[in-house]
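The structure under discussion appears below in the form of structure tokens.
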Protein chains: 4
Amino acid sequence: MQNITLLIHCKDQKGIIAAVTNFIVKVEGNITYIDQHVDVEQDVFFMRLESQLTNPEISLAAIKEDFKQTIAQDFNMAWDFYNKDLKPKMALFVSKYKHCLYDILGRYSAGELNVEIPLIISNHIDLKPIADQFNIPFYHVPFTKDNKEEGEQQQIALLKQYEVNFIVLARYMQIITPKLIALYQNKIINIHHSFLPAFPGAKPYHSAFKRGVKIIGATSHYVTEELDEGPIIEQDIAPVSHINSVDDFIMKGRDLERIVLARAIKLHSERKVMTYSNKTVIFS
Amino acid sequence: MQNITLLIHCKDQKGIIAAVTNFIVKVEGNITYIDQHVDVEQDVFFMRLESQLTNPEISLAAIKEDFKQTIAQDFNMAWDFYNKDLKPKMALFVSKYKHCLYDILGRYSAGELNVEIPLIISNHIDLKPIADQFNIPFYHVPFTKDNKEEGEQQQIALLKQYEVNFIVLARYMQIITPKLIALYQNKIINIHHSFLPAFPGAKPYHSAFKRGVKIIGATSHYVTEELDEGPIIEQDIAPVSHINSVDDFIMKGRDLERIVLARAIKLHSERKVMTYSNKTVIFS
Amino acid sequence: MQNITLLIHCKDQKGIIAAVTNFIVKVEGNITYIDQHVDVEQDVFFMRLESQLTNPEISLAAIKEDFKQTIAQDFNMAWDFYNKDLKPKMALFVSKYKHCLYDILGRYSAGELNVEIPLIISNHIDLKPIADQFNIPFYHVPFTKDNKEEGEQQQIALLKQYEVNFIVLARYMQIITPKLIALYQNKIINIHHSFLPAFPGAKPYHSAFKRGVKIIGATSHYVTEELDEGPIIEQDIAPVSHINSVDDFIMKGRDLERIVLARAIKLHSERKVMTYSNKTVIFS
Amino acid sequence: MQNITLLIHCKDQKGIIAAVTNFIVKVEGNITYIDQHVDVEQDVFFMRLESQLTNPEISLAAIKEDFKQTIAQDFNMAWDFYNKDLKPKMALFVSKYKHCLYDILGRYSAGELNVEIPLIISNHIDLKPIADQFNIPFYHVPFTKDNKEEGEQQQIALLKQYEVNFIVLARYMQIITPKLIALYQNKIINIHHSFLPAFPGAKPYHSAFKRGVKIIGATSHYVTEELDEGPIIEQDIAPVSHINSVDDFIMKGRDLERIVLARAIKLHSERKVMTYSNKTVIFS
């Protein structure tokens, strides 16, 4: 039995849920999960549905074609069916920080992530030994003002070569170019080490320390052209106090970064995230 | 336009969601919210649906009758329709602790609770001035081993007189009798001042202090005949440390008790809680 | 036996702790609590000490004089002794929101706050019934652009008349004038309904909703001339998701506001807060 | 300049703080941190002090001897000086679970832990490849009812050989023998996958699921002869709901286990934990 995931969004209309669930019944699918959300303000309907296909003679391709010509057309939907049993391919971009890389590769090796990691790309050579340790191809793609275009081309070529589905910036300290963002819209996940929108940009722990906050945070979000302004996927926080130095903030923050990024990877790879209006709907 | 809430549970079967949503479309309801849950282990299906009825000529009574004879029968459902615009009537049981009572009455007076509070019942006279302050009828129903039956009769008579829908024990320090529990099954909410199942029974803060825990908690649950063993509605926690005395535990715990009880009242009064197998499904 | 609290800050120097603890031993005080903090970056030393005076023949006044002429001079300290058994007087400023007012008065009446509340001041008449309900004098001091000076004079006169030690803005929707801020430096506590420095100013819940954050917050801080920029005393957060409307944010936020403000009141009234460089040291 | 840490506990008495701080001044130490705690109920005094020794001619050995013959004797103290610059040696005990092992070794390799890890001991061979990956000696010490004594002897011999200071059970699924516990009293850290004292023993996530709790937890504690009853070092929690299966509990729990164990290792290795009456004092 094949397991599929269906994501839908469209203008809110009467009868969508009934139409979709009837369709699944028609193609002999067993609905194992359904969740929906209506953004009342913007009048948008979202749905996530998981199903077991019980009749092997009805292929996913045929179902897609049927859906496209009937329901999808009737309601003018944006939609996609995913084969739950296929793991998406995730590229890791890193610079010099080790903690998120170790955390992701540890989880990966422990079998916790529903992804394949075909390659790691870095603008520095420093973390190659860790990639070697975990037996994952490592590509050193230097990235400076002068070689920007060349670097971007190399990145894109590698991503194509390895058929990468989405990208995770595990404390990658370079701006992503607009061209790459356009190619992977809502498919590049960044971890920012503050509770956005507080402290965007560089050195957020230093700014948080200076402001005397009592709680620090971390935020994972999709990368858009506006720095640290993309749709937020996940946030978490930790208490701090006057006894903590900036270094303490940084050390406590590492745990936040690890966890908030790992959760975002999990949500995205399990197709539980939908985006619109620079926000996310998380079906978890 | 009337707003209704529909709660359903039954054995999990194919086609339930489609059948129910079709029914709502048929009676000209606009589905504004739908959520469902399947307990895969026990094979039970749960659904919560909110709808605006758009045709004033189709009454809620007629809808109920129709539903009963069609869908409910086909799927052998336990179900209920609620008029969202009617506030449930909530009785407060208290003893001597003031903090939960003040908190609930403050929220009630600030318009935060979707309930009516027709009366307060207490086994002590101490908190009558607070009831007076908020203009709510207060009944002193002493409750001792000797007058148990009489006390119970008085309680039940008052609850009937005021047409009470559910009961909240705001740190009521008496065992509820089996007869009352049977009359208000899954309709009596208690707040226990520990993170159940840790520290059931009396003096949980003292036990937590003795054990040297680093986190304390509070738990709101429905009352069943097994003390502190009923279905859990809501829990929350607060950090403690070696610098905290038992009195600090008690003081910090008060904030937990207030909030955890208030959330349970909100969830229950908005019909977001379903119970089965001594557990709750919370549609929030 | 009298209980006293001593707060000190000064340039960090060798021998301060030994000197102070020797002094307390000399005046026959029993040290029941001592905590200190050094801001290494700024080279400032902070200390909080509680003591029981065991010799009734040595008065607090005499101790103060002795301390002033010895230790305080030697180390060039800013310092103050407080009589722990005297409750500080707290004025409440409110506008139209009820929830923080009910919460504070409920806690006050339940005996949880170590303060006296001699009066409530408001720029609107709306909440007078709540003040009446709790038997606390209520003063309606309208405050508009036109009567600014008059309003301020009336406020200050009332604060003097009632010998107010500190002020709590329980969702008071008016700017505090520089003159009042100067009179009560680090003695006016505000509750801001966001996780500062995110979303300062008006309508933070609306901004948070628009940004699509996954966590909302509240912040209590001392009022300075820069709006929402004063030293932070306490912060807390609550998770939100796409299913929450702006109204849900507001409702969840109320619980944060209540708790974060109540904690700040408790910390301030127990002299556990010291301020410097627009930050706080919290000895808790 | 040498950095030292001093831990003290003794019966609470007048003048301890002054005596100790005077002593440090005498040996030309610069106090960089001091914290103390009095358990009022049990009349025990605890202190943690960090100091920089500024005179290279006064050795730590001499200081110890001086302290022993003066202050320590006067107040009948239990005490120890530690050289902050020496990393304690930590042995890892594992069985088959990978997640805590990967997490600890990742942190270790990223330079986050103030320890040396000279060896890993396991009752199974399964995790040897991970030890190899991180270049740490791995010893397979089978442990069954039949070879208990032999296994214990082998463990103890290895611990001696590598001069191990403390032991971390990173989901080690074997009971530790009384002899080993006696040798490493309050020096064996276990991670239990529940919010103790709730759900001690085997399969806590299954029990938590069955009880319908809304929050799960993890607890790190020192190992004593009573299973899961030792002094608690650190606890943390995560929310769960009806939509989570037992497998979800287990997966969410892994993040708790990783973090709660890592925090305990950090606290212990930095000598911030003192134990008494089966509880801990955490100076953090």
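Overview of values
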| read-out | value |
| --- | --- |
| Odd one out for residue B:32 among (1) among the polar types (S, T, N, Q); (2) more than 14 Å from chain C (Cβ to nearest Cβ); (3) surrounded by fewer than 18 Cβ atoms within 10 Å (Cβ to Cβ) | (2) |
| Scan of the stretch D:87-112 for residues that are assigned to a loop (DSSP other than H, G, I, E, B) and within 19 Å of residue A:103 (Cα to Cα), ordered by number | D:96, D:97, D:98, D:110, D:111, D:112 |
| Residue that is farthest from residue A:50 (Cα to Cα) [pool: residues in the stretch B:1-24 that are surrounded by fewer than 17 Cβ atoms within 10 Å (Cβ to Cβ) and more than 27 Å from the chain's Cα centre (by Cα)] | B:1 |
| Of all residues making up the stretch C:79-111, the number that are of a type in the set (Asp, Glu) and either surrounded by fewer than 19 Cβ atoms within 10 Å (Cβ to Cβ) or over 18 Å from residue B:133 (Cβ atoms) (or both) | 2 |
| Residue count, the stretch C:137-165 (criterion: of a type in the set (A, V, I, L, M) and surrounded by 17 or more Cβ atoms within 10 Å (Cβ to Cβ)) | 4 |
| The listed residue being closer than 18 Å to residue A:211 by Cβ and in contact (Cβ under 8 Å) with a residue 60 or more places away in the chain, out of C:193, C:221 | C:193 |
| Residues satisfying the stated conditions in the stretch B:19-36, i.e. at pLDDT below 90 and assigned to a helix (DSSP H, G or I) | B:21, B:22, B:25 |
| Some residue of the stretch D:177-186 being part of a loop (DSSP other than H, G, I, E, B), more than 14 Å from chain B (Cβ to nearest Cβ), β-branched (Val, Ile, Thr) and surrounded by fewer than 15 Cβ atoms within 10 Å (Cβ to Cβ) | no |
| Residue match in the stretch A:138-157 (condition: aliphatic (A, V, I, L, M) and either within 14 Å of chain D (Cβ to nearest Cβ) or over 22 Å from residue A:182 (Cα atoms) (or both)) | no |
| Residue ID - nearest to the other protein chains (Cβ to nearest Cβ), chosen from residues in the stretch C:224-238 that are surrounded by fewer than 24 Cβ atoms within 10 Å (Cβ to Cβ) and in a loop (DSSP other than H, G, I, E, B) | C:231 |
| The stretch B:111-137: number of residues that are away from every other protein chain (no Cβ under 14 Å) and of a type in the set (Gly, Ala, Ser) | 1 |
| Odd one out for residue C:168, checked against (1) closer than 12 Å to residue C:190 by Cβ; (2) in a helix (DSSP H, G or I) | (2) |
| Tally of residues being modelled with pLDDT under 95 and within 23 Å of residue C:156 (Cα to Cα) across the stretch C:73-113 | 1 |
| Subset of the stretch B:264-284 that is of a type outside the set (A, V, I, L, M, F, W, C) and in a helix (DSSP H, G or I) - its residue that is nearest to the other protein chains (Cβ to nearest Cβ) | B:266 |
| Top-ranked residue in the stretch C:201-210 [being at the interface with another protein chain (Cβ under 10 Å from one of its Cβ atoms) and in contact (Cβ under 8 Å) with a residue 12 or more places away in the chain; ranked as surrounded by the fewest Cβ atoms within 10 Å (Cβ to Cβ)] | C:207 |
| The stretch D:245-284 - residue that is of a type in the set (S, T, N, Q) and modelled with pLDDT of 95 or more and, of those, nearest to residue A:111 (Cα to Cα) | D:269 |
| Filter pass, residue A:195 being aromatic (Phe, Trp, Tyr) and assigned to a helix (DSSP H, G or I) | no |
| Residues (aliphatic (A, V, I, L, M) and closer than 30 Å to residue D:284 by Cβ) located in the stretch B:175-233 | B:196, B:198, B:208, B:213, B:215, B:216, B:218 |
| Residues of the stretch D:239-284 classified as under 21 Å from residue A:99 (Cβ atoms), among the acidic types (Asp, Glu) and surrounded by fewer than 22 Cβ atoms within 10 Å (Cβ to Cβ), total | 2 |
| Some residue of the stretch D:26-37 being over 21 Å from residue D:276 (Cβ atoms) and of a type in the set (A, V, I, L, M) | yes |
| Members of the stretch B:198-223 that are in a loop (DSSP other than H, G, I, E, B), closer than 26 Å to residue B:274 by Cβ and touching a His at 6+ places or on another chain (Cβ under 9 Å) | B:200 |
| Residue under evaluation residue C:154, criteria (1) of a type in the set (S, T, N, Q); (2) free of Cβ contacts under 8 Å to residues at least 40 places away in the same chain; (3) closer than 30 Å to residue B:96 by Cβ, criterion not met | (3) |
| Per-region count, the stretch B:38-52, residues surrounded by 13 or more Cβ atoms within 10 Å (Cβ to Cβ) and away from chain A (no Cβ under 13 Å) | 1 |
| Some residue of the stretch B:101-109 being within 14 Å of chain C (Cβ to nearest Cβ), touching a His at 6+ places or on another chain (Cβ under 8 Å) and of a type in the set (Lys, Arg) | yes |
| Some residue of the stretch A:60-72 being surrounded by 13 or more Cβ atoms within 10 Å (Cβ to Cβ), of a type in the set (A, V, I, L, M, F, W, C), within 26 Å of residue C:244 (Cβ to Cβ) and not assigned by TED's automatic domain parsing to the domain that holds residue A:276 | no |
| Hits in the stretch D:132-151 (condition: outside any loop (DSSP other than H, G, I, E, B) and under 24 Å from residue A:135 (Cβ atoms)) | D:132, D:133, D:138, D:140 |
| Candidates B:248, B:236, filtered to the one that is farther than 21 Å from residue B:95 by Cα and touching a helix residue (DSSP H, G or I) at 6+ places or on another chain (Cβ under 6 Å) | B:236 |
| Number of the exception - residue D:119 against (1) at negative phi; (2) assigned by TED's automatic domain parsing to the domain that holds residue D:10 | (2) |
| Residues within the stretch C:239-263 that are within 11 Å of chain A (Cβ to nearest Cβ) and over 20 Å from the mean Cα position of the chain (by Cα), tallied | 9 |
| Out of B:58, B:16, B:4, sole residue that is at pLDDT below 95 and more than 14 Å from chain A (Cβ to nearest Cβ) | B:58 |
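The values are calculated or read from the model by the stated rules, or taken from the named source; none is laboratory data. Small disclaimer: the values here were computed from a predicted structure and weren't measured. Cβ sites come from the backbone with ideal geometry, for glycine too, and all protein chains shown count toward neighbours.
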